[in-house]
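Note sheet for the following structure.
The values are calculated or read from the model by the stated rules, or taken from the named source; none is laboratory data. Remember, it's a predicted structure, so these values are computed and weren't measured experimentally. As a convention, Cβ positions derive from the backbone with ideal geometry for all residues, glycine included, and neighbour counts pool all protein chains shown.
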Amino acid sequence: MACPAAWPRHRPTGAYPERQMTLVDTVQQDLVAAMKARESDRVLALRLVLSELQKASKEGDADELAVLRRERKRRLESASAFREGGRAELADGEEAEARIIEAYLPAELSDDELRAIVQVAIGESGASSPKDMGQAMNTAMAKVSGRADGKRVSALVREELGA
């Protein structure tokens with residue numbers, strides 16, 4: 001049976017297209033490296049992070065950075081609760097996990113950069129009094145896009161509006 005002229009006579013020989021490495025891939029590689037180095041604390045933290053990332057992707061939540069921020073926030077809140085309860089050793093462990101998670105997050109905005117963004121957001125939203133804080137916060141949080149904690153943004157908005 002003869003092949004039509006439109007069919008390729010051979011398969012193309014070339015490498016597969018290079019795939020962009022995702023955050024999950026990076027965490028998996030770091031997990032393997034930590035296991036080989038026998039860093040049990042790091043392995044534990046990375047397994048938890050990987051589990052949360054995979055769970056979020058199954059649920060259709062594509063924002064991996066939001067998952068990391070949420071997990072970091074949980075660790076920091078747990079650490080403060082442990083400290084209040086007089087359990088410093090557990091608080092230290094939670095803070096260590098938070099530092100591991102922070103390594104995968106983009107750098108936080110400095111206070112000066114954040115203040116400039118808040119001032120622009122207040123100007124764009126037309127906020128002039130503490131009653132308009134919600135509008136200013138919405139605009140500021142959209143501009144910050146996760147590079148600063150909401151508490152820091154809220155404090156600066158409140159300060160700028162004179163609340």
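Remarks
- Residue match in region 88-109 (condition: touching a Leu at 6+ places or on another chain (Cβ under 7 Å), of a type in the set (Val, Ile, Thr), modelled with pLDDT of 90 or more and closer than 30 Å to residue 159 by Cβ): yes
- Only one of the listed residues (94, 89) is within 22 Å of residue 31 (Cα to Cα) and in the same structural domain as residue 71 (by TED's automatic domain parsing). That residue is 94.
- Considering residues of region 88-109 that are surrounded by 15 or more Cβ atoms within 10 Å (Cβ to Cβ) and farther than 22 Å from residue 43 by Cβ only, the residue nearest to the chain's Cα centre (by Cα): 108
- All of (1) surrounded by 14 or more Cβ atoms within 10 Å (Cβ to Cβ); (2) over 19 Å from the mean Cα position of the chain (by Cα); (3) under 26 Å from residue 72 (Cα atoms) hold for residue 134 with one exception: (1).
- In region 32-46, the qualifying residues are those that are touching a helix residue (DSSP H, G or I) at 6+ places or on another chain (Cβ under 8 Å) and over 11 Å from residue 101 (Cα atoms), and the one that is surrounded by the fewest Cβ atoms within 10 Å (Cβ to Cβ) is 41.
- Which numbered condition residue 78 fails, given (1) under 30 Å from residue 31 (Cα atoms); (2) over 19 Å from the mean Cα position of the chain (by Cα): (2)
- Candidates 55, 143, filtered to the one that is exposed (fewer than 12 other Cβ atoms within 10 Å of the Cβ), within 26 Å of residue 23 (Cα to Cα) and basic (Lys, Arg): 55
- Those helices (runs of 4 or more DSSP H) of region 101-163 that lie entirely within it include none in which at least 3 residues are in contact (Cβ under 8 Å) with a residue 60 or more places away in the chain and on the phi > 0 side of the Ramachandran plot.
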